[in-house]
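First the structure, in the form of structure tokens, and then the observations on it.
The values are calculated or read from the model by the stated rules, or taken from the named source; none is laboratory data. The structure presented is a predicted model; accordingly, all values stated were derived computationally and were not measured. Here the Cβ is made from the backbone with ideal geometry for all residues, glycine too, and neighbour counts use every protein chain on show.
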Amino acid sequence: WDNVTLKDNINCAGVITSDNWTPNQFSGVFHGNGKTIDNFVIEKEGHAAFFRKLQGATIQDLTFGEGCSFTSTAPVDDVVYAASLAGEVRGGVTITNVANYGDVRISQNATSGAMGDYLGGICAYFLADSDSRMTGCRNYGDLTYSASAAGTVYCGGVAALAATKVGLTMTDCENHGTVLFDGTNSTKVDVNLGGIAAIANTVNFDSCVNLGAVKSSTSTTVTGATNIGGIVGFMNNACGTITNCVNGEAGSAKGALTNESSASGVVRIGGFVGSIISKPIDVTGFKNYGPVTNNGAVSNWTALGGVVGNIGGVADVNTISGCENHGEVSNTKVVSRVSLGGVVGMIQKANTVVAGNRNAGKVTNTGDAPAGIGVTLGGIVGRIEAATNGENAIRDNANNGDVIFAAAGAEDGTMLSGVAGILGGHAGNIVDKVYQPCKLTIDNCSNTGKVEKTGAGASRMYVGGIAAFLN
């Protein structure tokens, strides 16, 4: 058990090199004392970080300067970690006021690990087995994944993976750097990108902010799922609270969330989270100002929302309440099927309450619609496909943003399409080509935005002030 206090700033130029630095485990208390470690430039296989692993540690008041960079070039034990502070975090750990200004990369030279790649601004892999906390952590460096992916990719502005069995709290954490996937993906590998965390399980987020662009942009086709979120890319088995978090900044283009990659897998993008699967989550008081955009040709389905891209697979009740979206939600390319919502893109196989939210951003589709498509645009929710006997509620919501379908060409398909001020379309889950019954309540909602269908459209497309179709 170590107790370390930095007495002065440290300039590593000419002293620390990739050849003479081996990241090691640390257990104890590390007092950064407000000092800066600068010009720490590391290119390593496996763990490219200051510490290889934190085990039951406390780290506080430490800065990595602009001259630092952390690059992982190859897997060790079939996994890749790159971060400023630590590759792995285990046990009960407290990290307070740690800032990183250096770039973090998993390089194009890396043939990545089949067990996954973890790229984080502060920590790569945070898996605690007791109460843990990250408070006041800031990332300003750019995160770039350019390797050949053999396993799932996780890139997060503060932490790639944030998870614990008993509870991890991330409070007042910020990302200002760009989170970019421009690697190659030739197998069915998922890509998860988040401004604060790529994936989160059993995490409480409070007052976290993302001001960096989060983007997938590769010349190859992404064959697995793509999940992009301003705060979290993907939430799986997640129980926790989400309060007062923000993506983007009013009056600026900060916090832009974009898919520019061609994809044969699903694409899910949300101001707070791209996709929520399994256990329920409550998202409260979130604000999004960043644009949420798909510019990539997607042969599978796409769900984009100002707060949540897609909610699915949950029997218990999710709640999205008191949130605001001010960013434009848009699809510009041909997509096999697309659902766009000012608050939630698509609710799928879930029981969800969407209450007391406001959308002020435009919701637009300009991508052509091929045969078989279902295009649904809603000022609050794009589409609901609930499980048999599922129950959803949309109440006390207000839409002020324009909702516009403006594709140059479209063909009739097997699925209904809709454009509406509150809900683009409601359908039961499809079983053997038959819609199953499910309950929906729409109560005390208002729309003052323009609802418009221009372009070719399709004969099975409906337009409504509140809802386009209720099946």
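Please indicate, with yes or no, whether at least one residue in region 231-249 is of a type in the set (A, V, I, L, M, F, W, C), surrounded by fewer than 21 Cβ atoms within 10 Å (Cβ to Cβ), out of contact with any helix residue (DSSP H, G or I) (no Cβ under 8 Å at 6 or more places or on another chain) and modelled with pLDDT under 95. Yes, that holds for at least one residue. Considering only residues in region 149-189 that are assigned to a loop (DSSP other than H, G, I, E, B), at pLDDT below 90 and of a type in the set (Val, Ile, Thr), the one that is nearest to the chain's Cα centre (by Cα) turns out to be Val189.
When the test is whether a residue is more than 27 Å from the chain's Cα centre (by Cα), among the hydrophobic types (A, V, I, L, M, F, W, C), farther than 24 Å from Val283 by Cα and modelled with pLDDT of 75 or more, Leu440 does not pass it. Scanning region 148-160 for residues that are surrounded by 24 or more Cβ atoms within 10 Å (Cβ to Cβ), closer than 14 Å to Gly116 by Cα and not β-branched (Val, Ile, Thr) yields Ala149, Tyr154, Cys155, Gly156, Ala160.
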